[in-house]
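Chemist: Shown below is the structure under consideration.
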Amino acid sequence: MRRPPYLSLLGVGMSGALVLGAAPAASAAPPATPTTPGIVVSDGMTQPVFSLDDAIEERVYVQTSLDTDHDGSPDRIAIDISRPRETATGFKVPVIFEHSPYRKDVWEDVPYPSVLVDELPQNGLADRSRQRSADVGVQRATAKANLPGSWDDYYVPRGYAVVLGQSIGTGDSDGCPTTGDQAETLGTKAVIDWLNGRARGYDANGAPVNADWTTGAVGMIGASYNGTLPNQVATTGVKGLKTIVPVAAISSWYDYYRANGLVVAPGTYQGEDADVLAMFTGGRARSEGRCADEFAEITEEQDRVTGDYTKFWADRDYLDARKVEASVFVVHGLNDWNVKTEHFAGWWDELTKNRVPRKLWLHQGGHGGPGSTASVTLPNGQTWTYKQTENRWFDYWLWNIRNGIMDEPTAVLQRENRIYTTYRNWPDPGAREVALKLAATSAGQPGTLTTGRQPSRNVEQSFVDEGRTIHPDALVADPDAASANRLAYLSPALAADVRFSGRPEMRLRMAIGNKPDANLTVYLVDYGPAGSTAAPFVVTRGWMDPQNRKGPSRTEPVRQGKLYDYRWTLEPKDYVFPAGHRIGVVVFSSDQEYTLLPFGGTELRVAPNDSELRLPVVGGRGVLGF
């Protein structure tokens, strides 16, 4: 296991608290007050002993090796610093660094492309004569939250410097934003290099500025895009970055804007893509001025026609932890449909594979963190809030406080009853893949899910895509009734609670009857007992482009009317189906919330006897009872 370096001497302070950074007392009796600056530690956490009102605040412009706006000058990154006054007299502190593209001057009403299309654009790949131009509309974007707020109020009094950066091409920084590529990564890295004496920094007058007040130990934190930037720079292995806390963070921009070959939007931002986000963060002046050519290039290379995984997306993929030297505290909402759960799960898999020191906190909320007061009781009886856990994490990795946090359970997970519990890892090591086989005895009636034999009669079932006009809520509702626009398969009522942990995998045998391609959507749904009036709960979702059945990097035409076997994973989840409820699988085509929406009428045909959902059930098949 990687360990943080020893940074300072350890002394004894008031009331048995530890003072780090102060010289040890000469006698056994503790002094009334420390004679030199030092942090105070109680219960394994730094305490607020430094004055925020007296903090030193400064603006620095860090020079990079980049020229993203091609003006012939190196881009500089604007950062704002708050640090204890004591750092002016030789007291050195670690840094908590949040970098963001959302600090100022975003383009609030950036135009979005319309998702209402005559035909799916990839249909023209099979027959160019059928291609028709799509309408272009404008959707008003709402400002994305710069979560979780101010860091200096909390951490400066506890003996940290706080650095708030403005990502390359945004706010007061130079250049053009590039939505997640290497330039953005290196722009972030330059700040850490400056904090460690490897890059140049200047004040507003052009005078050189050095970071001689810091130990060079840096921890990054942030939510959403602000949490993605720590993932990015950690993959470089930059020296000085000791830990990161990515909250609701992206690990692959392909998985943010695409899914298995389909153009799929982040939740509540239908129509957004990498170019729209670049224009939003860069602001209108950059978008219509010096960065217009850069953004046009993003529009072309992101490819909203095939949806394929290309070099453009590979350059924005961080799922490689081989160089990661920082520890990682991953935080994510299990119901986050903006930065979907594959982002934390894929990153977690990489961290595990490369034995990176790590911790995981999953909550039942959506996009963002769990809230400072969320609390968990550990097996040893200690109770910690999320904010205390974050504090202790930074103290361990940046101040070298041996507070036992790395000896605690690896995963903290909020259950459906909103109570937090702990697990030794995630996904649960006790999960076993169970095949829930689709079955049907009638071409027109809802089918069933079974772990046993399917009916001997080989029935096929069909439906017609009308997702442009029918919302998914309507398609999921009333699963015991037949629908011309979706197929539903339900388990018997569960005899006991059933928990699954990990990625469900859909295996569907299907044909497209009258078009070159179609959207393909599957929802996993928690239904109450038969006759229940309770609204169904969508547990997880998954999408696929049938033309990408051999992989996200490869578009291959489908033959109309021919049955093909499709496999793809739904978004990862950890969920308990309560006893008495039924597990449901709903198959349909276009999804108003996420996919492009062509005119209706596409015909799809499914062979249930050759289809199944593979569910990672904790305890295996015997738990299901059917």
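The values are calculated or read from the model by the stated rules, or taken from the named source; none is laboratory data. Quick caveat, the model's predicted, so the values are computed rather than measured. FYI the Cβ positions are ideal-geometry reconstructions off the backbone, even for glycines, and counts take in every protein chain you see. Each accessible area value is taken on the protein alone, full model and side chains, heavy atoms only, with ligands, DNA and RNA left out. Shrake-Rupley method; radii C 1.70, N 1.55, O 1.52, S 1.80 Å.
Chemist: Report the accessible area of Thr448, computed with a 1.4 Å probe over the heavy atoms of all protein chains in place, in Å² rounded to the nearest 10.
Modeler: Rounded to the nearest 10, the figure is 70 Å².
Chemist: Which one of Thr540, Ser100, Gly381 has its Cα pushed farthest toward the positive end of the charge dipole of the chain, where Lys and Arg give +1 and Asp and Glu give -1 at the Cβ?
Modeler: Gly381
Chemist: Continuing with the same structure: Using only Cα atoms, locate the centre of the range 64-81 and the centre of the range 415-477, then give the distance between them in Å, rounded to an integer.
Modeler: Comparing the Cα centres of the range 64-81 and the range 415-477, I get a distance of 50 Å.
Chemist: Right, here's the next one. Please give the contour-minus-distance gain from Asp80 to Asp109: 0.36 nm per residue of separation, less the Cα-Cα distance, rounded to one decimal in nm.
Modeler: The Asp80-Asp109 span can extend by a further 7.7 nm.
Chemist: Given R₀ = 35 Å, what would the calculated FRET efficiency be for Ala88 paired with Asp67, taking r from the Cβ atoms and rounding to 0.05?
Modeler: The formula returns an efficiency of 0.50 here.
Chemist: Which percent of the accessible heavy-atom area of the chain goes to carbon and sulfur, probe 1.4 angstrom? Don't skip to the end; give the middle numbers.
Modeler: Working: 11530 of 23990 Å².
For the chain, the apolar C and S fraction of the accessible surface comes to 48 percent.
Chemist: Rank Thr306, Ala321, Gly283 by how far each Cα sits towards the positive end of the charge dipole of the range 278-325 (+1 on Lys, Arg Cβ; -1 on Asp, Glu Cβ) and give me just the farthest.
Modeler: Highest projection toward the positive end goes to Gly283.
Chemist: Let me ask something else about it. Relative contact order, percent, of the chain when contacts are C-alpha pairs under 8 Å separated by at least 6 residues?
Modeler: On the way: 1599 pairs, mean separation 87.0, N = 626.
The value is 14 percent.
Chemist: In whole Å, what are the Cα extents of the chain along the three principal axes, biggest one first?
Modeler: So the three principal-axis extents are 87, 59, 38 Å.
Chemist: Could you do me a favour and compute the accessible area per residue for the chain, 1.4 Å probe, result in Å²?
Modeler: 38
Chemist: I've got another one for you. Rounded to the nearest 0.05, what FRET efficiency is calculated for Thr377 and Ala535 with R0 set to 22 Å and r the Cβ-Cβ distance?
Modeler: 0.10
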